[in-house]
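Peer 1: Pasting a structure below so you can have a look.
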Amino acid sequence: LKMSWFWLYLPLHLLTATCLCYSIKAPTTSSQQSFKADLFNFYHSLVLADGKETTIHLLKDIPKRYYFVLEEGRVLAPFSITVTPCDVPIEWSILVYKSPPARATPGDHDTQEVSEPQKASSMVSTIFNYKGNSVETYMGMSSHSALYLLEFLSTERDTHITVYLTTDTTSGHLYPELPTDPRIDVVGIGHTTVTLAWKHSPSVLQHRDSTQYCLLVNEKHNYKSLCAAETAIRASGMKLPPTLALPLSPYLLEPQQVMILSNSELSIINKVSSGEVRQVCMGTKNTYTVPSLSPSTQYYFDVFIVNLLTNASAAYTGTFARTLEEPEPKVAELKDGKVVHVVLDGKKGKFYSLQYQARHKKIYFTFQLCRGQIRVHITRNGKTVASENLSGLRYFSLKGKLLDTYLVQLRSTEESNSSVKVQASPHFHKPLFPLLPESLKIKSFSKLRTCRSVTIAWLGTQEESKYCVYRKRIEEDQVWREVQSADRCSGPESRHKSEKVLCKYFYDLNLQRAVTTETIKGLEAGALYLFDVYLFGPSGIPVRYHSKVVKTRKKC
């Protein structure tokens, strides 16, 4: 049997797979219709659907082909093809196979063959080819009955694309329309914000209820399509909801994702290794200020107009901007002997700076940690002289030159707020804090506990000082809050008058005997009590011993 002209140009591996042969007839209109019907029936899995977006997966270096046939009986057959790469650049082309015109011959028409392949080859042509990762649309019109072959190839890695074919170019569009000028304008830049504006899509003006704008912010590069952006985010190791346009449920979010809903704007923040990726859908507003950015950081911004009915989208031309550098932190001045109380925001993690100019060669820096955990860094004329985490009460004795400039930088090392008291003074200045004992722990004696009393003891010093004892009845679930999160700089002025037990003076030149005890009576049986001791020095600023929790006996 002899093969028709058409089969000469189909891919060889497809012919082999069919194991079918056709007797060749002169291509009349009826035989062409029959041929197309057979082709559609046989190659149904390779026929490109009309009017539907098709997702196609490509393996590296393996071409993939799809076919479609224009409808007969129309004088002009318009069509358009839109291809959206969802990752790496691809190569794709459109070939057209046109039926040669029928020729009348004096012989048997049913057995006539096309004897000149060269003439048939002139009926096959490449009408379009492209290489890249941009969204491309080909619009064509044919006056002949023809079969079209689309060939796709990825040479970098396995990937996927979407293809949309339509022969109905008169009734609406799957993809929203972009304005004539699809650029995104950067209209404002701050230290932590960027304000964007873009021209309205004609689709928004016509179909306000079924379209919306979505913004993607990242620190890597711009994306030319929504599916390319989603593919990149998934490749970072997280899952995404089906589309930015759909209502997103917090139950669908991954641990690396944070959803924020405010002023009818939905934000999804993904924590990835290359930085944050933010997704914001803001309805039909065509301006937006991106908040909470990092200073001195370059960000890339992409706006997509999304059809809520079809999930199809179109991308504006992306832009980028660099936020302004963070301003130099304000530096407060330390004065001789003056106590500065500093509260640090743990969430921001910023340094708080204090500057001190020495009027003496030897300088004392004193730090009393009030709450949280704090890192201190001290420089003299730009060179580091001390750096460590603070714990309780800490002194630094530094020796330099007259008019040396010291810079003290403080930073919270935990997310909750921290606070500290700071003093700088020359060596002969009256000390801020009293002379401290070797330990600030309070000891209780278990054998001396009764149902109504508790005996405690604490160390003193060689310097006569005032000690005040306070007690407070607490519950089991209050222990952590009272002991761990208490403000260690707060003095007796923060306590209720009823909590005061007594105040006493004592000292001993022999440190081995500088210890005192006190029995607190009038307590309730089987109850928890918090005991505090405050030490007052010459300056009147108290030092709080470590709180002690003791429970009285239930039965005596």
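The values are calculated or read from the model by the stated rules, or taken from the named source; none is laboratory data. Quantities reported herein were computed from a predicted structural model and do not represent experimental measurements. So basically every Cβ, Gly included, is an ideal-geometry build from the backbone, and we count neighbours across all protein chains shown. Surface accessibility is based on the protein's heavy atoms, side chains included, excluding ligands, DNA and RNA. Shrake-Rupley method; radii C 1.70, N 1.55, O 1.52, S 1.80 Å.
Peer 1: Measure off 7 Å from each Cα along the Cα-to-Cβ vector at Lys330 and Lys555, then give the distance between these two points in nanometres to one decimal.
Peer 2: 6.4 nm
Peer 1: Extension gain Thr195-Lys399, at 0.36 nm per residue separation less the Cα-Cα distance, in nm? Before the final figure, lay out the partial values.
Peer 2: Numbers: separation 204, 0.36 × 204 = 73.44 nm, distance 5.05 nm.
Gain in length upon complete extension: 68.4 nm.
Peer 1: Follow-up question, since we're still on this one. Report the trypsin sites (Lys or Arg not before Pro) located in the stretch 416-479 that are in a DSSP loop and have at most 16 other Cβ atoms inside 10 Å of their Cβ, or state none. Mind dumping the intermediate values first?
Peer 2: Numbers: sites: Lys421, Lys441, Lys443, Lys447, Arg449, Arg452, Lys466, Arg471, Lys472, Arg473; in loops: Lys441, Arg449, Arg452.
The qualifying sites are Lys441, Arg452.
Peer 1: Once a ≥ b ≥ c are taken as the square roots of the eigenvalues of the Cα gyration tensor of the stretch 274-385, is the result rounded (a/c under 1.5), prolate (a/b larger than b/c) or oblate (a/b not larger than b/c)? Don't skip to the end; give the middle numbers.
Peer 2: Working: a/c = 4.26, a/b = 3.15, b/c = 1.35.
Prolate, since a/c reaches 1.5 and a/b exceeds b/c.
Peer 1: With a ≥ b ≥ c the root eigenvalues of the C-alpha gyration tensor of the stretch 442-551, is it rounded (a/c under 1.5), prolate (a/b larger than b/c) or oblate? List each step's numbers first, then the result.
Peer 2: Values: a/c = 1.97, a/b = 1.31, b/c = 1.51.
In terms of gyration-tensor shape, oblate.
Peer 1: Excluding ligands, DNA and RNA, what is the solvent-accessible area per residue of the stretch 350-445 at a probe of 1.4 Å, expressed in Å²? Intermediate results must be reported in sequence, preceding the final value.
Peer 2: Working: 5010 Å² over 96 residues.
Roughly 52 Å² per residue, with all protein chains present.
Peer 1: Taking 0.36 nm per intervening residue step and subtracting the Cα-Cα distance, what contour gain separates Lys466 from Ser134 on full extension? All intermediate terms of the calculation are to be shown ahead of the outcome.
Peer 2: Details: separation 332, 0.36 × 332 = 119.52 nm, distance 7.89 nm.
Separation in residues times 0.36 nm, less the Cα-Cα distance, equals 111.6 nm.
Peer 1: Could you work out the local net charge near Leu150, counting Lys and Arg as +1, Asp and Glu as -1, over the other residues with Cβ closer than 10 Å to its Cβ? Numbers along the way, then the final one.
Peer 2: Details: positive: Lys64, Arg65; negative: Glu151.
Net charge around Leu150: +1.
Peer 1: How far apart, in nm, are the 7 Å Cα→Cβ label points at Asp158 and Arg183?
Peer 2: It works out to 4.1 nm between the two label points.
Peer 1: Over the Cα atoms of the stretch 438-506, what Rg and Dmax result, in angstrom?
Peer 2: Values for the stretch 438-506 (Cα only, Rg and Dmax): 13.7, 39 Å.
Peer 1: Counting Lys and Arg as +1 and Asp and Glu as -1, each charge on the Cβ, what is the dipole of the stretch 332-473 about the Cα centre in debye, to the nearest 20?
Peer 2: Details: 27 positive and 10 negative charges, 80 e Å.
Dipole size: approximately 380 debye.
Peer 1: Still on this structure, I have one more. In the stretch 478-518, which trypsin sites (Lys or Arg not before Pro) fall in coil by DSSP and have 16 or fewer other Cβ atoms within 10 Å? Don't skip to the answer; put the middle values down first.
Peer 2: Details: sites: Arg481, Arg488, Arg495, Lys497, Lys500, Lys504, Arg513; in loops: Arg488, Arg495.
Of the trypsin sites (Lys or Arg not before Pro), the ones in loops of the stretch 478-518 whose Cβ has at most 16 other Cβ atoms within 10 Å are Arg495.
Peer 1: Check each of the GluC sites (Glu not before Pro) in the stretch 372-417 and keep only those in coil by DSSP with at most 16 other C-beta atoms within 10 angstrom; list them in order. Before the final figure, lay out each step's value.
Peer 2: Details: sites: Glu388, Glu414, Glu415; in loops: Glu414, Glu415.
In loop regions of the stretch 372-417 (DSSP not H, G, I, E or B), the sparsely surrounded GluC sites (Glu not before Pro) are Glu414, Glu415.
Peer 1: Give the carbon-plus-sulfur fraction of the accessible surface of the stretch 331-425 in %, rounded to a whole number; probe 1.4 Å, heavy atoms of protein chains only.
Peer 2: Working: 2230 of 4980 Å².
The C+S portion of the solvent-accessible surface of the stretch 331-425 is 45 percent.
Peer 1: Give the peptides 215-228, 177-190 in descending order of average Cβ contacts within 10 Å, highest first. Display every interim value, and only then the final one.
Peer 2: On the way: 215-228: 20.1, 177-190: 14.1.
Per-residue Cβ counts within 10 Å, averaged per peptide and sorted highest first, yield 215-228, 177-190.
Peer 1: While we're looking at this one, here's another question. Sticking with the crude label model, points 7 Å out along Cα→Cβ, report the distance from Arg208 to Ser453 in nm, one decimal please.
Peer 2: Placing both labels 7 Å beyond Cα along the Cβ direction yields 8.2 nm.
Peer 1: Can you order the peptides 536-545, 366-375 by their average number of other Cβ atoms within 10 Å per residue, highest first? Don't skip to the answer; put the middle values down first.
Peer 2: Numbers: 536-545: 17.7, 366-375: 19.8.
Listed from highest to lowest mean packing, they are 366-375, 536-545.
Peer 1: While we're here: Jot down the radius of gyration and Dmax of the stretch 331-425, Cα atoms only, both in angstrom.
Peer 2: Radius of gyration, then largest Cα-Cα span, for the stretch 331-425: 12.6, 38 Å.
Peer 1: Around Ile363, what is the net charge, scoring Lys/Arg as +1 and Asp/Glu as -1 over all other residues with Cβ under 10 Å from its Cβ? Working shown, then result.
Peer 2: Values: positive: Arg359, Lys361, Lys362, Arg380, Lys399; negative: Asp336, Asp404.
So the surrounding residues net to +3.
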